[in-house]
1. For region 205-215, indicate whether the set of residues that are within 22 Å of I178 (Cα to Cα) and either in a loop (DSSP other than H, G, I, E, B) or more than 10 Å from the ligand (Cβ to nearest atom) (or both) is non-empty.
2. I need a count of the residues in region 279-311 that are farther than 19 Å from L72 by Cβ and among the charged types (D, E, K, R).
3. Considering A111, A95, which residue is modelled with pLDDT of 95 or more, out of contact with any helix residue (DSSP H, G or I) (no Cβ under 7 Å at 6 or more places or on another chain) and among the aliphatic types (A, V, I, L, M)?
4. Output the residue which, of all residues in region 14-43 that are at pLDDT 95 or above and of a type in the set (D, E, K, R), is surrounded by the fewest Cβ atoms within 10 Å (Cβ to Cβ).
5. Do any strands (runs of 3 or more DSSP E) entirely within region 29-123 hold 3 or more residues that are more than 15 Å from the ligand (Cβ to nearest atom), and if so, which?
6. Determine which single condition A177 fails, assuming it passes every other condition in (1) over 29 Å from V238 (Cα atoms); (2) surrounded by 17 or more Cβ atoms within 10 Å (Cβ to Cβ); (3) at pLDDT 95 or above.
7. For region 216-254: of the residues being assigned to a loop (DSSP other than H, G, I, E, B) and away from the ligand (no atom under 13 Å from the Cβ), which is most open to solvent (accessible area, probe 1.4 Å)?
8. Are any residues in region 133-174 open to solvent by 10 Å² or more (accessible area, probe 1.4 Å), assigned to a strand (DSSP E or B) and not polar (S, T, N, Q), and if so, which ones?
Amino acid sequence: MAAYPYTRLRRTRQANWSRRLVRENTLTRDDLIWTIVLSDGADKRAPVPSMPGVDRVNLKEIVKEAQRARDLGIPAIALFPHVNPKFKDAAASEALNRNGLVPEAVRAVKAAVPEIGVIVDVALDPYTDHGHDGVMEGDTIKNDPTVELLAESAIILAEAGADIVAPSDMMDGRVGAIREALESGGYSDVMIMSYAAKYASGFYGPYRDAIGTASALKGDKRTYQMDPSNSDEALREVEQDIIEGADMVMVKPGMPYLDIIRRIKDEFAMPTYAFQVSGEYAMMMAAAQNGWLDEKRIIMESLMGFKRAGCDGVLTYFAPKAAEWLKH
Ligand code: PBG
């Protein structure tokens, strides 16, 4: 490259047409996975106070949301349940209920909108009375018994029609156990999107309000979710999940971990996703509602950031908004 003044990097920025010609990354509706909170309540919709614009939706309403996603050109939705506390116990029994909220929602969506991809968390925390993602013995989260439950629960979700199961617990060996269970259960086409590098983050706060685990949670999740100080370890986590049979890998949260996404994409060249989590949504909406930041600009800029970092797609509560804007 020549030096200034022969090189003037501003030349290509002069006009919209030339900016378009040199644009390196694009964001389209194909990049969006809409994260939706389900509820087992009678109310069709109930707002989540710390996530302005996000409602929990019940079984009736979820079909409408899926239709809306299809009409907006969003390829897939991801479902997260808010479960009535009376269904929670130490063993997460409700996670194995074939007729539970999530299996019912998956069946309803697949029957009404078969062309949309349905992603479900394989997770125990919505169902445990202590709010952890595993079974406990005293104060410890037991890895191997948890993995067994997760594999059983994945089969129930696959049987209901889930296209992608997404283990979000960070137990060791869960992807392999789920893959094996899917193979032997006759669900070899079901994809696994692993929450491969999931950090013990403060940005999950509003989600825990949304699914009602915040008040129950005893302690924190640092014995299984990753330390935000670590980066090499994320590569080891992802490598394990790929070896065990993950089809897609995810980093979570999103915006504070763009460096991790880039390293993972460069190292493994796998389909790679970010989860722009509830706290990221909450802080951006709070600033937008105060008039401190321009809502549309920051949402689109944040989503482009994920593409630039190497993501193939983003799980985001902004999906319907972004899809609407990308349509025009
Ligand atoms: C746990 C799970 C969490 C989220 C999705 N699945 C939170 C946690 O680990 O406590 C967070 C999603 C969000 O913050 O938007 N299985």
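1. The initial filter retains those residues of region 205-215 that are within 22 Å of I178 (Cα to Cα), namely none.
Within region 205-215 (the criterion being within 22 Å of I178 (Cα to Cα) and either in a loop (DSSP other than H, G, I, E, B) or more than 10 Å from the ligand (Cβ to nearest atom) (or both)), the answer is no, since none of the residues qualifies.
2. The number of residues fulfilling the criteria is 5.
3. Working: A95 fails: out of contact with any helix residue (DSSP H, G or I) (no Cβ under 7 Å at 6 or more places or on another chain).
On inspection, the qualifying residue turns out to be A111.
4. E24
5. Numbers: elements: 32-39, 45-47, 55-57, 76-82, 117-122.
Of the strands (runs of 3 or more DSSP E) lying wholly inside region 29-123, those with at least 3 residues that are more than 15 Å from the ligand (Cβ to nearest atom) span 45-47.
6. Every listed condition holds for A177 apart from (1).
7. So in region 216-254, the residues assigned to a loop (DSSP other than H, G, I, E, B) come out as 216-225, 227-231, 245-247, 253-254.
Of the ones still in play, those that are also away from the ligand (no atom under 13 Å from the Cβ) are 227-231, 245-247.
Values: D227: 74, P228: 67, S229: 95, N230: 55, S231: 32, G245: 20, A246: 10, D247: 60 Å².
Looking at the filtered set, the residue picked out is S229.
8. V135, M136, E137, I141, K142, I164
The values are calculated or read from the model by the stated rules, or taken from the named source; none is laboratory data. All values derive from a computational prediction rather than experimental measurement. Backbone-built Cβ (ideal geometry, glycine too); neighbour counts: all protein chains shown. Heads up: the accessible areas ignore ligands, DNA and RNA and are worked out on the full protein's heavy atoms, side chains in. Shrake-Rupley method; radii C 1.70, N 1.55, O 1.52, S 1.80 Å.
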